[in-house]
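Only one structure is covered here, and it is reproduced in the block below.
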Amino acid sequence: MMNKNKDQADSGNRGQLMLDAARRGASYLKDVSGRRVAPGPAAIAALERLRGPLPEQPAHADDVLALLDEFGSPATVANAGGRFFGFVNGGAVPASLAANVLAAAWDQNAALRVMSPVGAVLEEVALGWVRQLLGLPPETAGSLVTGATMANAACLVAARHALLERKGWDVEARGLFGAPEFTVVVGEEAHASLKKAMAFVGLGRERAHVVPADSQGRMRPADFPRLKEPALVCLQAGNVNTGAFDPAAELCRLAHESESWVHVDGAFGLWAACAPERKHLAAGFADGDSWATDGHKWLNVPYDCGLAFVREGSALRNALSLEAAYLAASSAREPMHWTPESSRRARGIEVWAAIKSMGAAGLADLVERTCRHAQRFAHALGDAGYEILNEVVINQVMVSFGSDEATRAVIAAIQQDGTCWCGGTVWHGRTAMRISVSSWATTDADVELSIAAMLRAAREVGGSR
Ligand SMILES: *Cc1c(COP(=O)(O)O)cnc(C)c1O
């Protein structure tokens, strides 16, 4: 027999805890725009308080939460504010953040439909909506994974399946040992995570044919190889440094002449298709055969969320389904048969909530607005005499503050100042600062504050040299 009183006390406590967590989260969000973007050294040093020997005895959950808030919250990066411009980190739009909190209470395992009917349905709806938003062919199948790295991997194993099946080789049964070979083609500026995915699905990091890129990192069609047999051709929609897009229509045509499989890494760039004024950049990519993208970048859903889409859905399913007597499936779509994972969180919930709340119009506005912010950065820094290294076509800006040394010093000064946060990169041999405007939360005022901080840092570094 269960102890009824204890049971009630526990569930009452759980409700209080949820409210306490929500209250702390709300208070965090209220202050996040006023604090420095990257935590200062004191906050990082105080993380030591979260270490300690293995706890031998239980602690009150209230105290556990209070400790996390006291020492954890100050040591976060203010991704939830509007002035984090590092990498390509989006924020979380309010509806998707709130859905994430509710989903935490639900604690669903979205492996199978019987484990989570709501997870299975929202995943289907979310995949369908994203497919439409990105302008992908209606027959396209998809799945939700942790990010674009895994989405690339899922697409690559689908491509691997299809290309080898055509040669009479069952790669899932026999592996790549002794398999017929096929060529893999990538652009010179392919994202490092695509190469990582190639490495771990057995296609090799260094075996690919590399097509030279132009000044913006776009594959040059004139240098595209003459393919005699079906190959795997990997295109990119949105270079992580410049934001540039491979000329997809032409490259897809060239690749399909040899019946090659065209995979598109469009982690953030594919979302340009949502905004009327940027749509032309994403033109032609729908002619591909598979597409990897992120939910946690431009769509602004919480981590972790990536999406893999494959036109020939059976290739994805055949590459990733599994069989076990106790996992007997229904005839409906079973999420786990389309992904590398089995047990998994129900990512469709937040994707559904984000799109439901913004609608196509709101998403178009988010994409367009962040691109406009990027333009504003480029103009302001350019007008101040600093060199913008890329054609700013979407939300990515690269700026040089003079010598590599000066640029590195300005980046360090900006990070130290804390008003905003930008990282560095090396583009065609030159050190640059990257500004990636990827969050719904960035306002005009955030952009102006950040420009002022950047110019201040640049002047200080210039003055001290
Ligand atoms: C960010 C990015 C990736 C990797 O995405 P994750 O979500 O970090 O796994 C892959 N390709 C491109 C072009 C990217 O910008």
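The values are calculated or read from the model by the stated rules, or taken from the named source; none is laboratory data. All values derive from a computational prediction rather than experimental measurement. FYI the Cβ positions are ideal-geometry reconstructions off the backbone, even for glycines, and counts take in every protein chain you see. These accessible areas exclude ligands, DNA and RNA; they are computed on the full protein's heavy atoms, side chains included. Shrake-Rupley method; radii C 1.70, N 1.55, O 1.52, S 1.80 Å.
Considering the Cα positions of region 99-354, please state its Rg to one decimal place and its Dmax as a whole number of Å.
Cα radius of gyration and Dmax of region 99-354 are 17.7, 54 Å respectively.
So if I take the centroid of the Cα atoms in region 325-377 and the same for region 94-119, what is the distance between those two points in Å?
About 12 Å separates the Cα centre of region 325-377 from the one of region 94-119.
log₁₀ I(q)/I(0) of region 341-404 at q = 0.12, 0.13, 0.17, 0.22 Å⁻¹, via Debye over equal Cα point scatterers, no solvent, to two decimals?
Rounded to two decimals, the profile gives -0.51, -0.56, -0.70, -0.86.
I want to check the label-to-label distance for ALA283 and ASN13. Put each point 7 Å from Cα in the C-beta direction and report it in nm to one decimal.
Those two pseudo-labels are separated by 6.3 nm.
Need one number for region 73-134: average projected area of the convex hull over its C-alpha atoms, nm².
Working: hull surface 24.8 nm².
Across all orientations, region 73-134 yields a mean hull projection of 6.2 nm².
Given R₀ = 35 Å, FRET efficiency for GLU257-GLU206 by Cβ-Cβ distance, to 0.05?
Values: r = 26 Å, r/R0 = 0.75.
Plugging the Cβ-Cβ distance into 1/(1 + (r/R0)^6) gives 0.85.
Below 8 Å, C-alpha to C-alpha, sequence gap of six or more: please give me the relative contact order for the chain in percent. It would help to have the intermediate numbers written out before the result.
Numbers: 867 pairs, mean separation 100.4, N = 465.
After rounding, I find 22 percent.
Using only helices, what value at 222 nm comes out for the chain when you add -39,500 (n - 2.57) per DSSP H run of length 4 or more and divide by the total residues, to the nearest 500 deg cm²/dmol? Let's see the in-between values first.
Numbers: 13 runs with 191 residues, N = 465.
Value at 222 nm, helices only, nearest 500: -13500 deg cm²/dmol.
What is the dipole size for the chain, taken about its Cα centre, with +1 at each Lys and Arg Cβ and -1 at each Asp and Glu Cβ, in debye to the nearest 20? It would help to have the intermediate numbers written out before the result.
Values: 45 positive and 51 negative charges, 54 e Å.
The dipole magnitude comes to about 260 debye.
With every protein chain left in place, what is the accessible area of LYS196 in Å² (1.4 Å probe, nearest 10)?
Approximately 100 Å² for this residue.
How big is the gap, in Å, between the Cα center of region 268-309 and the Cα center of region 206-267?
Going from one Cα centre to the other spans 17 Å.
Please report the antiparallel percentage of DSSP beta bridges with both residues in region 99-354, rounded to the nearest 5. It would help to have the intermediate numbers written out before the result.
On the way: 12 of 26 bridges.
In region 99-354, approximately 45 percent of DSSP beta bridges are antiparallel ones.
Going by the alpha-carbon gyration tensor, a ≥ b ≥ c the square roots of its eigenvalues, is the chain rounded (a/c under 1.5) or, if a/c is not under 1.5, prolate (a/b greater than b/c) versus oblate?
Cα axes put the chain in the oblate bin.
Based on the mean of other Cβ atoms within 10 Å per residue, sort peptides 263-273, 220-230 so the most packed one is first. Walk me through the intermediate numbers first.
Details: 263-273: 29.0, 220-230: 13.8.
Result, highest mean first: 263-273, 220-230.
Find the eigenvalues of the gyration tensor of the Cα atoms of region 276-326, then list the square roots of 5 times those eigenvalues as equivalent ellipsoid semi-axes, largest first, in whole angstrom. Spell out each step's value before the answer.
Numbers: eigenvalues 159, 65, 6 Å².
Semi-axes, largest first: 28, 18, 5 Å.
To check you understand DSSP bridge types, tell me what percent of the beta bridges within the chain (both residues inside) are antiparallel, rounded to 5.
Details: 23 of 38 bridges.
In the chain, approximately 60 percent of DSSP beta bridges are antiparallel ones.
Only sites in a loop by DSSP and with at most 15 other Cβ atoms within 10 Å count here; which trypsin sites (Lys or Arg not before Pro) in region 38-129 make the cut?
ARG51
Using only the Cα atoms of region 287-377, what do you get for the radius of gyration and for Dmax, in Å?
In Å, with Rg to one decimal and Dmax whole: 16.8, 58.
Have a look at region 13-80 and give its Rg and Dmax from the Cα atoms, expressed in angstrom.
13.4, 39
In whole angstrom, note down how far apart the Cα centers of region 13-65 and region 387-429 are.
Comparing the Cα centres of region 13-65 and region 387-429, I get a distance of 32 Å.
As a test of reading the structure, rank HIS256, HIS280 by solvent-accessible area (1.4 Å probe, protein chains only), most first. Mind showing how you got there, number by number?
On the way: HIS256 70, HIS280 125 Å².
Largest accessible area first, the list is HIS280, HIS256.
So for region 229-371, what percent of the C-alpha to C-alpha distances run longer than 19 Å? Working shown, then result.
Numbers: 5974 of 10153 pairs.
When all Cα pairs of region 229-371 are counted, 59 percent exceed 19 Å.
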